[in-house]
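> Right, I'll just put the structure down here and ask away after.
The values are calculated or read from the model by the stated rules, or taken from the named source; none is laboratory data. These figures come from a predicted structure and were not determined experimentally. Neighbour counts run over all protein chains shown; Cβ positions are idealised from the backbone, glycine included.
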Amino acid sequence: MLYSVYDTLVNFMEGKTISIEEIVPTIEKVKNTIEAITQELEQKEKLLTEREEKLNKASKELDEANLKRQQLEFDYMSLEAEFKRISDLFKEMSGKQEVTLDIKQLLSIYITLLEQVFAAQPHAKILYILHGDKNAMNREELTKATGFAPAIILHSLHELNRAELVSYNEETGQATLTNRIYE
């Protein structure tokens with residue numbers, strides 16, 4: 001098809017006479033060829049646009065995944081530092097410098113302590129409650145919330161005040177969490 005158009009154009013350029021009957025079909029062929037090339041170009045542009053959109057979407061998802069990964073790495077390093085601190089405290093308390101604890105062992109010790117030892121203790125319940133929505137409550141509210149006797153709550157509040165975990169005002173009976181242990 002393009003060869004016949006080419007031949008017609010060469011003949012025309014060389015000064016050979018070309019009849020209208022020869023030119024019209026050639027022009028129609030050129031027109032059809034241009035239309036076909038234009039359609040193909042439009043399809044390729046559309047395909048390119050779609051692929052660019054997919055690439056942009058994938059790039060955004062990758063950026064979000066990288067941010068999440070960085071946050072997880074930061075959280076992991078923070079947890080690792082906390083576990084190292086806890087492990088060092090455990091070593092100091094046990095008096096054994098040769099003890100090496102991995103994170104699973106340390107967690108199982110603390111989970112056992114929390115579940116079996118401290119869960120029923122008023123100190124742990126008071127701290128847990130004050131870590132909730134209200135970081136300040138009076139003694140009567142804490143007595144109702146924990147279910148312990150008022151004398152036990154008062155004793156626990158004094159001990160938590162001495163440990164500087166809770167600030168307790170004897171006059172008003174108000175207990176306020178001094179610093180959050182966890183967020």
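> Which of the residues spanning segment 125-173 are within 32 Å of the chain's Cα centre (by Cα) and either among the aromatic types (Phe, Trp, Tyr) or exposed (fewer than 12 other Cβ atoms within 10 Å of the Cβ) (or both)? Spell out how you get there, then give the answer.
If we filter segment 125-173 for residues that are within 32 Å of the chain's Cα centre (by Cα), which is where we start, we get 125-136, 165.
Within segment 125-173, Tyr128, Gly132, Asp133 qualify.
> Just to be sure before I move on: is Glu73 under 26 Å from Arg180 (Cβ atoms), at pLDDT 85 or above and either out of contact with any Asp or Glu (no Cβ under 7 Å at 6 or more places or on another chain) or of a type in the set (A, V, I, L, M) (or both) in the structure I sent? I'd like the intermediate steps shown before the answer.
Values: under 26 Å from Arg180 (Cβ atoms): yes; at pLDDT 85 or above: yes; either out of contact with any Asp or Glu (no Cβ under 7 Å at 6 or more places or on another chain) or of a type in the set (A, V, I, L, M) (or both): yes.
Yes; evaluated as a whole, the condition is true for this residue.
> Are any of the residues in segment 12-21 modelled with pLDDT of 85 or more, more than 30 Å from Ile181 (Cβ to Cβ) and out of contact with any strand residue (DSSP E or B) (no Cβ under 6 Å at 6 or more places or on another chain)? Don't jump to the end; show me each part of the working.
So the first thing to find is which residues in segment 12-21 are modelled with pLDDT of 85 or more, and the list is none.
No: segment 12-21 contains no residue that is modelled with pLDDT of 85 or more, more than 30 Å from Ile181 (Cβ to Cβ) and out of contact with any strand residue (DSSP E or B) (no Cβ under 6 Å at 6 or more places or on another chain).
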